[in-house]
Structures are given as structure tokens and as C-alpha cells.
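Single-structure report; data block below.
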Amino acid sequence: MAFSSPSDFKRYHVFSSFHGPDVRSGFLSHLHNHFESKGITPFKDQEIERGHTIGPELIQAIRESRVSIVVLSEKYASSGWCLDELVEILKCKEASGHAVMTIFYKVDPSSVRKQWGDFGSTFKKTCEGKTEEVKQRWSKALAYIATVAGEHSLNWDNEAEMIQKIAIDVSNKLNVTPSRDFEGMCDDVKMIGIWGPAGIGKTTIARALFNQLFTGFRHSCFMGNIDVNNYDSKLRLHNMLLSKILNQKDMKIHHLGAIEEWLRNQRVLIVLDDVDDLEQLEVLAKESFWFGPGSRVIVTLKDKKILMAHGINDIYHVDYPSQKKALEIFCLSAFKQSSPQDGFEELARKVVELCGNLPLALRVVGSSFYGESEDEWRLQLYGIETNLDRKIEHVLRVGYDKLLEKHQSLFLHIACFFNHESVDYVSTMLADSTLDVENGLKTLAAKSLVHISTHGLVRMHCLLQQLGRQVVVQQSGEPGKRQFLVEAKEIRDVLANETMSKIGEFSIRKRVFEGMHNLKFLKFYNGNVSLLEDMKYLPRLRLLHWDSYPRKRLPLTFQPECLVELYLVSSKLEKLWGGIQPLTNLKKINLEYSSNLKEIPNLSKATNLETLRLTGCESLMEIPSSISNLHKLEVLDASGCSKLHVIPTKINLSSLKMVGMDDCSRLRSFPDISTNIKILSIRGTKIKEFPASIVGGLGILLIGSRSLKRLTHVPESVSYLDLSHSDIKMIPDYVIGLPHLQHLTIGNCRKLVSIEGHSPSLESIVAYRCISLESMCCSFHRPILKLEFYNCLKLDNESKRRIILHSGHRIIFLTGNEVPAQFTHQTRGNSITISLSPGGEESFSVSSRFRACLVLSPSKNSPYSDINCFLRTKQGVEINSTAKSIYSSPPNRSLSEYLLIFFGDIFPEANRCLMDVTPNEIVFEFSSSSAKTMECGVQILAEGGQNCSVVEMGHSETGGNRNHLTDVLKVSQVETIKNSNNTGHWSWLLGKKKTELSSTLVSGSSDDTLMRHHEPEAVQLSNDENTRNLSRLLCIVSLVISVLLLFHCFFLQMQ
């Protein structure tokens, strides 16, 4: 199959360059009406604010149009904007064969070519104050465009006839332009599915695709509202389809073979919208041989299983738009512009969050907010949180209503209890039901009602979750008769007869649950439920989740044999239950921070227990020997159990992978409970050396404590080692030689003097308050991800210099209060200006990077900080920005000022090909969310990221020759797009059948659709290619972003 270049596919049919006052309200408006009547899509610029220079929106529009029409009128040359448009149009014509047509409207072509007469006078006035280069560029463009054949209004007596002729000419040219797209196409009939959840924009996408492609087919039809009940309804559907596609109103169909009879030799384009039953497909498009060679049938639907059952394997999954695009969709409805109005930014983002990025909801809610005051917005926000808009509910409810009863029940369980839980968790919790969870989840996922993530999490869209909870509310006007209760107020109402309410909490009596024998899942959050006396009854629960359970023990009558999960964090429990209970269903116990808990019950029958969390149980002294039976136990965390000193020994729990016993201050030796531990954390204990019983497989070891004076053994398998708070004086040789060690943390090692070496596999070193540390070996064998040295006050300057030199492009933290000398531009404060004039010292290209150093004051409040770097011109125009979220240190740990060093691009990588000029000066401005910037420094790095003055370690860091930069740097060549980095982006063009596609609809119009597509990951720039190569690749880069490029390419690929 032959494929056409991506640059052949355009977003608009026509771009018109014109002088508004001369033609917009008359001639051009009539011409555009003729275009639209013929299905020709012109670019319209009414909403673009015009300035002194052509904007990026128009540059992109020109490149994304198939044909440009230049309307040369008397005052056309009065606008530098128009002249810049003309230059850009001719650039695209030269680079990629962009089609150009001319209309000489009440002006003679010779006046345009020679720039004389009134036209010439107007042009000369526009050129006043312009550089000679600009004048020549404009003059050459006018001289050339005057030679392009076109229509002359002076030759027509009837302007309407001229307009009709132009529209026909454009239509013919458009039909010719894409003919290359069909070279080598196969004659197979293809059926294509557009699959996604309700309200995502499938119909809008299909409508836009149909409008884009129907001119290439002799017969076409867009068909929605398909309903099949009986034989007569099937005949009506046949009649409707054939009447539409053949444009015959009085057709009479008498049998179900009519579609094949009429269309078997016709090349047709058919869109079947919102199909929800396999029979609908079989009635209208059962077999591919019903249609002529080269036909295309596009089907939109919510249920993927229908596509699979019909044998349609070419499927586009329409996903939710990004946060940025979702905000744009909302703003177009709420403000009639693509961004929020001043003062509405946070409110708009809140609404977008509540709408869950669903395009339908964004448009419906946005329209309801249009023109409202800020106060009215705030009032309506509550309604959005609690109730679905009727239009949205109607669309979403259709999918739920068509489910089988058992699948509806599963849907409601997820909406009310199990959203964002794992598939295994949901299956386990509902194992005693008749819901067939495994197949039910597959059905819900196929119908786009839930999504199963790559990590096995069940995710239901927030609006579908709201729909599910609304369905439950509609089950009964009495909350106590509903299947689920999730709203706090309703729960209070149900417990009203047994409830004493207080401010912010409510108290329940001991027998409140006696009438609820069917209760299986009980959750109390936030610890606002109290008991006046010990509870007498709890049902046979599968889930008991009660934050801050207020009594010393559970009811004596409680039977825990059905429990799957027990979650009683921060409780006042001293004991759970007595004796040996049948606990074969129990998988998780979490009793963290139950500071009064004194004993764990006998767990010998909990043979399926996987997790036991006891963190912060300060009164617990012993872990029972019954854990020897827990052969499926994977996690045992008893960190912070300060009185714990008895742990069963000489047992081997083969499944145990993670053990945490940090700050078990009475623990003197580590017991032999497993040889398969992968993560071991025993910081802050009395353990003096690493347990010899753990010989292999351990990956993460956190062992630091004041009791640790020396290390005699660490398994070779360790990749993460934390020796913080230990009294070691040096890093042992065998630690330095660990073959797999990647991360080393040595915080608060007060006696550590030097780090003489490190593992060849090391990727990060974190050190803080190593007050004796003086030197550090910096012979790194691989790129370092992280280097942090807080409050290492004695670390010498040579070590710091070498750390910076060998850091690669990573973030570095160092103790210090002044910017190092290698940062050639330095100043106090948070802003610095670098001159790029011909006399400047820097030599760089648009792919160059910079390294920045900030002197920051310590944060007393938060260890987290957002660092922002903005690069602007002297006039305030933003060039690029870099954001870093860092974890500097726990509060009050960093007692002195410190250096933060990071890297960034001078120009954004995605837009380098679009760069025309660079400024003479760049202002670097830095900000931090929690620390004050005392000083800043910047170092410009040559292409490839290396300082052009630093050749290798030991050479001068500030000397060396530098190339001078011209006052204006032009980017006019692009070498290539790296194929190795872009194969994934273009795999669909090379024959991939199933492609994830993200709908980013930016308007309610069915013809205005934008779909997200990845841009190429890397673009190399060179000074050796010619301008033609640049323009060609510029068109490719901008077209990759367009919505219908991706869909159009896929469609043609199928042919």
C-alpha cells in the first residue's frame, strides 16, 4: 500500500488572506457562504486579535489549509499583517507545493506587481520605518503573487457569477489535491469502530470526519437514532438508509436484500452513529460485500463487544481529554473564549474537576454558567457536586439501563463502595454474591462504564459514580430501604431513633445495628462517631472500616468469620476478641496507631492473611506465635511499637516480603522469621548488626541507628541502603563494592568524615547533617539522578566543584551561601538578565540548555517546594519556563542556606522548529513556593548540554574561546526528525490496527473537533540544510497536532 505524506492532510480547506475593510462584510462573506454550501471549510479569523505582526494562530492556519486564496484589494498593502500573511503563504507554496489562488478585487495586477499607482503609494506608506530586509521581502512577495493566475473583478459584470465560479474552482482543486492519497489503495470494504464512553464526543468526531471525507465518495450517509424492534422497523431502516444515501425521497423497500441490491457496486461512505445492539449492525451492514469496492462504514458505540462480535477490528478508543484541553472546552462554552476570564480561574478549574473532563458535561455546564456573576458561580457549584444535570443524566443513564440486573448491581457496588479499588479486592469482597464479578467487570469495561487500569484498578468516572449513587437514592424515598447509604446526612437520618447528635459528630447506642442483618460493608470515616457504651451487636460483616473506634473492644457477640478486611486505625481498642476464631476469609488487618492495643488475638486460623499493620501500637509488647501459620503473609509492619520486644523466632514465612520495625526501641535482635524478605526497615532499634540469616534477595535495607557502630555484612542484592543516624566513621569497602547498590542515604551520620568510593551502579546519594563530612569521591560510573548534601558544613570546595561537574543534567543540593564561580552570570536576588548581543560572551543555538544555581534560605514550614524558572524577553514576552517540584528536607533539618542546581532548555523543544528569531536579551526569573531566593546564577551550556569552556575535568571552567552571537539568531534549517524516537508515534500509519486516541473537543459544533496526538519527541537543528527542508518539516510538525490529520491518515490507511 502506498502512503501519502502527512503534510497532504489539512485541517481547513481554504485560508483567505484579505484586507478586512475592503471585502469582509460584502464580497468575502458571500464567497464563504458559497464555500460552506459546497462543504468547503474556510478558516475564519474573527476572534483573532490583530496586531503589528502576524500571530502564531494564523501561521498555523495557513500551514493547515489545503488552499490559500489571496484577495488583493486596493488597501491590501496598507496592512503589514496582510503582507506577512502573504510571505508565509508563499513559503508554504515553495516548501510543500501549497496551492495558491488569487483574486484581484478592484485592483489591476500590474499595480500589484510593480507597486505603483494608488496601490504603490499605500505600500510605500506601510513600509515607512521598516528595515530594508522587510521591505524587500514584501515587495518580492507582491511581485510574485501578481503573476499567479486568478480572477479579476474588473473582468466580471456580475459579481455573484464570479463568486460562484471561484467556489467551483476551489471545489475542483480540492478534489484534485487529495488524489495522491488514494494511490495504491486497496479496494477492500473497511468497517471502522469509534468506541468510548457516553458524552466523550464520538458523534462529534464521526460528524467531523464525515464532513471531511464525504466529497471523496459518490454516495454518503450519516445515520443516527437507529432502532430495531421487528421486521417492519428493519425495512424502515433499509428505506431510510437508501433514501439518504441515494438522495431519493420516495423509495419503497419490500425486502431486506435491498441494501445489497442497490449498493453492491457503489463506493459509499456510511456512518452509523450510537449503535447499541449487534442487530442494528446486522440490519444495515451485515456483510462487507453489500457495498462496492473502496467503501467505508464507520460505527460509533459505547460497547466494544458489539464491534468484536461483528468482526470489526479497526477500532479507535476515544479517551478523556487532558486537563488543559478540558479547561479549554469548558471555557469556550462558559466564556466564549479558550481561557478563563480574570477572577474566574480557580472556579473554572474546580468545575472542570467536578465534570471529570467529560466533554459533554463541560459543554452543558459551561453553557449554564455563561454570563453569570462570580457569586452565582459559587452558588451553582454545590448543585454540580450533588446533582447531575438532566441532559448529562439522560446520556449517561442509557448505558446503565441496558445492563442486565446483575451487572447493574455490580455497577452500583462500584459507584458506592469500590471505585478505585483493585480487581482482586472487588472480587474478594463480593465473592459470596451471585454477581459473577470477573465477567461483570469485563462487561462494564467493554461498555465504557468502568476502566480497568494497567495496574488492575477499577476506575469509574466521577459522573458515572454520581449517576450510580443517584440511582440508589431513587430506589426509595426512605433511606433505610435503599441498597446503599453513602451520604452522612442520610446515615444520620437512618440512625435517628438511636442517635444523639452533637456538633461535628454523632453518638450511637449499643443496639443500633441489631436490625441490619444484611449489612456487609460498614465504613465510618474521620472518627466522628462515638459510642456511649460497649456495642452489643455487629452483623456478619465482610468489611469493617471504623476510624477511631471509640471503645476498648469489639462486641462479644461479633462473629468475624466473614471478614475480608479489618480496618480500625487510631482506635481505643485494647483487645479485638478472645479465643481462636475462624478467619479464613480475612486478608488484611490494619490497627495502626491504636496506642492502647495490648495484644493481638490468636491468628492461627487466618491462613489467608496477607497484610498485618501495627504501626504506632505503643502498648503492644508481643507478636503472637500464631503468626507461624500465616504462610500467605506478605507485609508485617510494626514500626513505632516502642514496647515491642517479643517476636516469634525460628519460623520461615515464605511469602513475607516486607518487614518494618522502625523505632521499636526495645528490639535488640532481629528474629529469623523469613529468608525471603525484600524490604527490611529496622531503624531506631537496639540492633547492632545486620542479621546474618538474611542472605539473598533483599533489595531495600534501612538499618541506621545509634546502636549501629559498624557493618559486617550486607547482602549483595541490596539496591537501596539507608545508614542514617548511625555512628559509622566510614563506608565499609564491601558496601562500596556492592554490585547492585543504586541509592545510598547517610543522613545525620555525625562521625562520618569521608566517602572514599562508591558502587559502580550508584545513581543517588542523599546526605544531611553529616557535620564531620569533609570530602567525597566523585568518580561516578553512570549518570547520577540525585546528589543532596544538606548541612554538610565541612564539605570542601573541591568536592563541591567535582559534584557539580559530574552531575549530568540532574538536580543537586549542596550546603553553601554563594553561587560557585563556574556560573558566569551571577547576582543577588531572584532575577538576572543575560545579554545575547554581538559583543556577548555566549555561543549557543536553539537547542542549547542552561544550568542554574540558587542560594535558598531554609524552609521552616514545609519540606516541599515548587521551584519555577521563567525565561522572558526584556519586554516581558515569555520564551520558556521550567518547573521543579523538590523535597528539600524535613522541616528545620536544613539549618543553613543551601544551593539548588538544576538544568533547563532555553527554548521549548516542541516549538524549536517554529522559532523565527531569538531576543537580544533573556531575563531569567526564579521563584520558590516555600524558600527565599538569596542569590542566583546562570551558566549557558553549548549544544548537547556541555559548557563550551569545559572540555574535561581539570581544565579551566571559565576560560576558552567563545563564538560571538549575532544580534538576531535565525533558525532556518532543520536537519531531521529522529526516526528512532518517533516510530511509536507513527505506528498507526504503518499498519497498527488498534490505536488509543484522545478526544479533546474544543467546541460544541460537530464540525470543530480536536484530537490529541503526540508530537515528535526530538528534533535536531542544523545549520547545513536549506530553507525548503525547514518549511517542509515545519508543516509536518504543525500538522501532527491537528485533529483530523490522525483520523484522516487512519481512514486512508484502511483503504
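The values are calculated or read from the model by the stated rules, or taken from the named source; none is laboratory data. Here the structure is a predicted model, which means the values were calculated and not measured. Methodologically, a virtual Cβ is constructed for each residue, glycine included, from the backbone with ideal geometry; neighbour enumeration extends over all protein chains shown. What goes into the accessible areas is simple: the full protein's heavy atoms, side chains included, and nothing from ligands, DNA or RNA. Shrake-Rupley method; radii C 1.70, N 1.55, O 1.52, S 1.80 Å.
Within the accessible surface of the range 525-590, defined with a 1.4 Å probe on protein heavy atoms only, the carbon and sulfur portion equals 46 percent.
For residue 771 and residue 451, the difference between the fully extended length at 0.36 nm per residue and the C-alpha to C-alpha distance is 110.1 nm.
For the range 407-511, the direction-averaged projected area of the alpha-carbon convex hull comes to 8.3 nm². Under the combined filter of DSSP loop state and at most 13 neighbouring Cβ atoms within 10 Å, the range 646-685 retains these trypsin sites (Lys or Arg not before Pro): 650, 666, 668. The lysines whose alpha-carbon is closer than 26 Å to the alpha-carbon of residue 165, local same-chain residues fewer than 8 away aside, are 10, 38, 44, 75, 93, 106, 173.
Per-residue accessible area (protein heavy atoms, 1.4 Å probe) orders 45, 276, 342, 157 as 157, 342, 276, 45, starting from the largest. Spacing of the modelled spin labels on residue 470 and residue 278, each 7 Å from Cα toward Cβ, amounts to 3.2 nm. Between residue 669 and residue 552, what's the calculated FRET efficiency when r is the beta-carbon distance and R0 is 51 Å? Round to 0.05. Calculated value: 0.95. Take the Cβ atoms of residue 459 and residue 438, set R0 to 25 Å, and the FRET efficiency comes out at 0.90. Expressed in Å, the radius of gyration and Dmax of the Cα atoms of the range 12-174 are 14.9, 44. Our coupling estimate for the range 364-375, obtained by passing each phi through the Karplus curve with A = 6.51, B = -1.76, C = 1.60 and θ = phi - 60°, is 5, 5, x, 5, 5, 8, 4, x, 7, 6, 4, 5 Hz, Gly and Pro reported as x. Straightening the chain between residue 756 and residue 36 buys 251.7 nm, computed as 0.36 nm per residue apart minus the Cα-Cα spacing. For residue 113 and residue 835, a Förster radius of 51 Å and the Cβ-Cβ distance give a FRET efficiency of 0.75, rounded to the nearest 0.05. Between residue 599 and residue 481, the simple spin-label model (points 7 angstrom out along Cα→Cβ) gives 4.8 nm. Identify all lysines with a Cα-Cα distance to residue 252 below 22 Å; exclude those on the same chain that are fewer than 8 residues away in sequence. Correct list for residue 252: 234, 244, 286.
With just the Cα atoms defining each centre, how far is the range 747-772 from the range 520-537? Give it in Å. When both Cα centres are located, 49 Å separates them.
Close amide H partners of residue 774, meaning residues 5 or more places away or on another chain with modelled amide H under 5 Å apart, are 754. The 3J(HN,Hα) values that the Karplus relation (6.51, -1.76, 1.60; θ = phi - 60°) gives for the range 696-704 are, in residue order, x, x, 5, x, 10, 10, 10, 10, x Hz. Gly and Pro appear as x.
Amide H to amide H distances under 5 Å link residue 220 with 269, where only residues 5 or more positions off or on other chains count and H is placed in the peptide plane. Calculated accessible area for the range 323-386 comes out at 50 Å² per residue, all protein chains present (probe 1.4 Å; ligands, DNA, RNA ignored). Taking 7 Å along the Cα-to-C-beta vector as the label spot, tell me the residue 875-residue 734 distance in nanometres, rounded to one decimal. For the pair residue 875/residue 734, the computed spacing is 6.8 nm. Accessible surface ranking for 734, 12, 1.4 angstrom probe, highest first: 734, 12. Residues in the range 657-665 carry Karplus couplings, in order, of 10, 10, 10, x, 9, 4, 6, 7, 5 Hz; the curve used is 6.51 cos²θ - 1.76 cosθ + 1.60 with θ = phi - 60°, and Gly or Pro positions show x. Bin by bin, in steps of 5 Å, what percent of the Cα pairs in the range 607-765 do you find, going until the bin that has the longest distance? With 5 Å bins starting at 0, P(r) equals 2, 9, 18, 22, 20, 13, 9, 5, 1, 0. The Rg/Rh ratio for the range 190-317 is 0.93, where Rg is the radius of gyration of the alpha carbons and Rh is the Kirkwood radius. Expressed as a whole percent, the proportion of Cα-Cα pairs in the range 323-386 lying more than 20 Å apart is 10%. Could you look at the range 323-386 and say what percent of its accessible area is carbon and sulfur, using a 1.4 Å probe and all protein chains? C and S fraction of accessible area: 46 percent.
The H on the amide N of residue 768, modeled in the peptide plane, is under 5 Å from the matching H of 746, 747, 748, 749, 790, each at least 5 residues off or on a different chain.
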